[in-house]
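J.: Mind having a look at this structure? Questions to follow.
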Amino acid sequence: MNFSNHTSEENILLAQAIIYVPVFFIGVILNVFALRVFCCKLIKWTETRVYMTNLAITDCLFLFTLPFKISIPTYMNKLCMVLEIAYFINRYMSIFLIIIIALDRYIAIRFPLQAKNIRSPLKSALVCGLFWIIIISIVFVSTYVDKKENKTICFQTNYRIPSVPSFAAVIWGFLIPLIVLSFCSVQIIKKLTRKKKIHLHEKKVIQKAINIILANLTTFIICFLPLHVAYFIIYIDLINASDAKQNLFLNVVIILANTNCCLDAFCYYFVSQEFQEASLVLKTQNQASENQDTKII
């Protein structure tokens with residue numbers, strides 16, 4: 001039995017290494033490039049730029065915790081606690097930023113006239129700051145509760161013991177965000193499809209926007225639904241997390257959820273108008289620089 005558990009543990013570590021290593025390098029490259037564009041190549045700050053910058057920062061910080069998951073769980077110490085806090089802060093900050101972006105899009109499309117008074121880059125920054133404070137506070141409290149419950153293993157929880165913070169994370173950290181994201185996505189698509197498509201170009205633009213909205217919703221569901229369903233089932237004690245097969249399943253869905261930090265680049269950064277405009281400017285500047293170098297040579 002011990003041999004079986006040891007083999008299962010080795011398989012999990014191997015799977016983590018195979019997936020997390022490329023996710024780490026690809027994610028860092030994509031998110032750092034996105035930060036460079038959003039922070040250095042744009043002149044005017046917009047609501048979208050504020051949210052995308054925060055999302056890229058969140059994903060970068062999350063990525064730097066992943067290498068520490070590719071190891072046999074060590075006993076809780078101060079370093080592990082800091083890494084685990086950072087891991088959960090950035091996971092749920094990423095989720096809520098996705099919801100904030102969806103709400104911002106919904107307001108801009110559903111109420112275009114009122115949006116001019118409601119939306120502003122400063123208000124967007126304040127909203128992001130507020131959510132950072134809320135999520136950091138909640139994660140710190142949850143960590144304190146876990147410590148009181150004698151949690152000793154880094155990045156792992158005794159899922160067989162019902163935990164109020166953990167159950168709250170399923171409801172407030174996934175279920176409610178999923179409902180909000182689904183509502184905003186459906187309403188935006190309805191609004192876009194009702195527009196009169198006078199020109200072929202306008203029709204293509206609207207279809208592209210709809211595809212982006214659907215891709216965002218699908219990615220969110222694929223990445224986070226299996227993980228939180230697994231958490232919920234374990235919390236209500238329908239399965240035994242100590243069982244090797246259930247433990248393997250839980251680790252697989254955790255790995256799936258952690259790949260979201262790479263997918264954000266394709267779902268949000270590279271399709272945003274600000275990013276495309278800034279990338280075009282960057283490309284033009286590089287071409288001009290190359291032409292200048294050619295002249296010098």
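Every read-out reported here was derived from the displayed coordinates using simple, explicitly stated rules and does not represent laboratory data. In this text, all values refer to a predicted model and were calculated from it rather than measured experimentally. Methodologically, a virtual Cβ is constructed for each residue, glycine included, from the backbone with ideal geometry; neighbour enumeration extends over all protein chains shown.
J.: Under 4 °C and 1.567 mPa s, how fast does region 17-89 diffuse according to Stokes-Einstein, given a Kirkwood radius computed over C-alpha pairs? Answer in µm²/s, whole number.
T.: Here the translational diffusion coefficient equals 95 µm²/s.
J.: Moving on to the next point. Over the Cα atoms of region 51-130, compute the convex hull volume and normalise it per residue, giving Å³.
T.: 88
J.: Past 24 Å, Cα to Cα, is the threshold; run K44/K191; K44/K123; K69/K123; K41/K204 against it and keep the listed order.
T.: Correct reply: K44/K191; K69/K123; K41/K204.
J.: Test of understanding: ordering R194, R119, R105 by Cβ neighbours within 10 Å, fewest first, what list do you get?
T.: R194, R119, R105
J.: Where the centroid of each part is defined by its Cα atoms, how far is region 49-122 from region 178-192 in Å?
T.: First find each Cα centre; the distance between them is then 20 Å.
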